[in-house]
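A short worksheet on the structure shown next.
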Amino acid sequence: MASPRLYIGGAAITAWNMDASTGKITSVGGPVEQDGAGSFLWPSADGTVLYAVAKPGMAAFKIHGATGALSHINTIPNVLAGNSHICTNGKVV
């Protein structure tokens, strides 16, 4: 079974693997710094893409299956004022 993965957002997104038996976390590569990398994170249903929302944009990152590392796919501007959320399945969470 693959280790659980953690993605932590902020000014950059960091990726971590977690050993479920000990709770120890280890970094997966360096932080991913892109415009829009940030506060709200959500994986695609198949676990191959991580979506991020933060001003000034919304971004998509490929999740590399073997390692969990991220690479930037694209960023689009977020021109909406107020809070942002992510929904990939038609249901608001």
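The table that follows gives values for the structure above.
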{"read-out": "Residue in the range 1-22 that is nearest to S71 (Cα to Cα), counting only those that are under 16 Å from the mean Cα position of the chain (by Cα) and not hydrophobic (A, V, I, L, M, F, W, C)", "value": "T14"}
{"read-out": "Sole exception among (1) open to solvent by less than 70 Å² (accessible area, probe 1.4 Å); (2) at pLDDT below 70; (3) not aromatic (F, W, Y) for D35, by number", "value": "(1)"}
{"read-out": "Yes/no for S3 being assigned to a loop (DSSP other than H, G, I, E, B), modelled with pLDDT of 85 or more and open to solvent by 40 Å² or more (accessible area, probe 1.4 Å)", "value": "no"}
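The values are calculated or read from the model by the stated rules, or taken from the named source; none is laboratory data. Source: prediction; values computed, not measured. Quick note on the areas: whole protein, heavy atoms, side chains included, nothing else; ligands and nucleic acids left out. Shrake-Rupley method; radii C 1.70, N 1.55, O 1.52, S 1.80 Å.
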